[in-house]
Amino acid sequence: MMENGFSKIHPVPSFLYFIGSIVASMIFNHPIYLYTLFIISILLNWSLDGGKVLNKGIKGYLFIAVVITVLNPLFSRRGATILFYIMDQPVTLESIVYGVQLAISLLTILFLFTAYHLVITPDKFLYIFGSVLPKTAFIMTIILRFIPLLKRRLVEIISLQKIHGSFQQKDKKRIKMKQGMETLHTLVTWSLEEALETASSMRARGYGVGKRSSAIHYKMGKKDALIMGVLFVVGLFVLISGLLGIGRYEVYPQIQKVELTTFMIFHFLCFFICSLIPLFLIAKERIEWFIIKFKM
């Protein structure tokens, strides 16, 4: 993935943005806040890599969202507006709306995590927490790369086994189960062997003996400090106000009317400014690059 205006900034403000956005998606359930952040999360993924990584998991994400939307009104009996009955059980408008809100909130978090992995690389994560929490940062980095690594290795093992005649459609279920256990055994053995080699190599190089240094040094410039200041001051105001009830939307027992006060409008503008920072930086760089090419 090519670097852009957002991924080029210092890792600390980038990390603060994603943490704040994920917390905001869990705090704010007002339709204006919720759908704004949802749309921004989609645009951010599209701006970073054209949505390539997001497209790989979008079917699974949407399936989870549909399941939540459908199951909530079936299991929740809360709500004053009964629409119809299923097996003598009421399905209310409030439970459907709440299910949609919950699904959108979950999708937003998943989309933000997808964008997070495109911007905050393992090197950046280690740079942020390596000097403060070296062991914890290292373990978190290993965990974050472990699942995709196992997935890639599993594909390699299965591909090799298919070449040797395994996993054929004509095979019986008992044979397929045996082949699956052999695949799992190979995957675990391969991973453990590499883990031991990595641990031995790290010990030989003196990892953990002294204070950890980073091969890559990120300098905090004026632009980075300004972004960090906006995220910290304005973002903190937005989140604290949200914890005090601003941006909340009551669905039960009856759907609340959408009302906008002067303070709420001001609060939403602060929320919108913080949420829009990555898209602004990416758009700004592309406009500058377009102007440079136009003048050439």
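The values are calculated or read from the model by the stated rules, or taken from the named source; none is laboratory data. Just so it is clear, the structure is predicted and the values come from calculations on it, not from any experiment. We place every Cβ from the backbone using ideal geometry, glycine too, and count neighbours over all the protein chains shown. Heavy atoms of the whole protein, side chains included, go into the accessibility calculation; ligands, DNA and RNA do not. Shrake-Rupley method; radii C 1.70, N 1.55, O 1.52, S 1.80 Å.
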Practice item. Please identify which residues in the range 1-43 have an amide N closer than 19 Å to a label point set 7 Å out from the Cα of residue 49, following the Cα→Cβ vector. Key: 1-9, 11, 14-15, 18-19, 40-43
Review point. Residues with amide H under 5 Å of residue 92's amide H, sequence separation 5 or more or different chain, H placed in the peptide plane at 1.01 Å from N; which?
Key: 83
Point to revise | Solvent-accessible heavy-atom area per residue, rounded to whole Å², over the chain at 1.4 Å | key: 65
**Study point:** Max mean-square fluctuation residue, GNM over the chain, Cα-Cα springs under 10 Å, options 77, 152, 286
**Key:** 152
Check your understanding: Which whole-number percentage describes the relative contact order of the chain, with Cα contacts under 8 Å and a sequence gap of 6 or more?
Key -> 32
Check your understanding: So if we plug the beta-carbon distance of residue 265 and residue 42 into 1/(1 + (r/R0)^6) with R0 = 25 Å, what FRET efficiency do we get, rounded to 0.05?
Key -> 0.55
Practice item. Could you tell me which label, among [x] 1.26; [y] 2.13; [z] 1.19, carries the value of Cα Rg over 2.2 N^0.38 Å calculated for this structure? Key: [x]
**Study point:** Normalised convex hull volume, the range 1-110, alpha-carbon set, Å³ per residue
**Key:** 106
Point to revise | Neighbourhood charge, 15 Å Cβ-Cβ cut-off, centred on residue 82 and excluding it, Lys, Arg +1 and Asp, Glu -1 | key: 0
Study note, to complete from the structure: Residue-ordered couplings for the range 270-286, obtained by feeding phi - 60° into the Karplus form 6.51 cos²θ - 1.76 cosθ + 1.60 and rounding to whole Hz (Gly and Pro as x), are 5, 4, 5, 4, 5, 5, 8, 4, x, 5, 5, 5, 5, 5, 4, 5, 5
Study note, to complete from the structure: In order over the range 95-104: 3J(HN,Hα) from phi, Karplus 6.51/-1.76/1.60, θ = phi - 60°, whole Hz, x for each Gly or Pro, gives 5, 5, 4, 5, x, 5, 4, 5, 5, 5
Review point. Around residue 94, with a cut-off of 11 angstrom between Cβ atoms, what is the net charge of the other residues, counting Lys and Arg +1 and Asp and Glu -1?
Key: +1
**Study point:** Cross-link reach list, lysines versus residue 219, counting only Cα pairs under 24 Å and skipping chain neighbours closer than eight places
**Key:** 8, 124, 135, 211, 284
Review point. For the chain, which whole-number percentage of the solvent-accessible area (1.4 Å probe, protein heavy atoms only) is attributable to carbon and sulfur atoms?
Key: 69
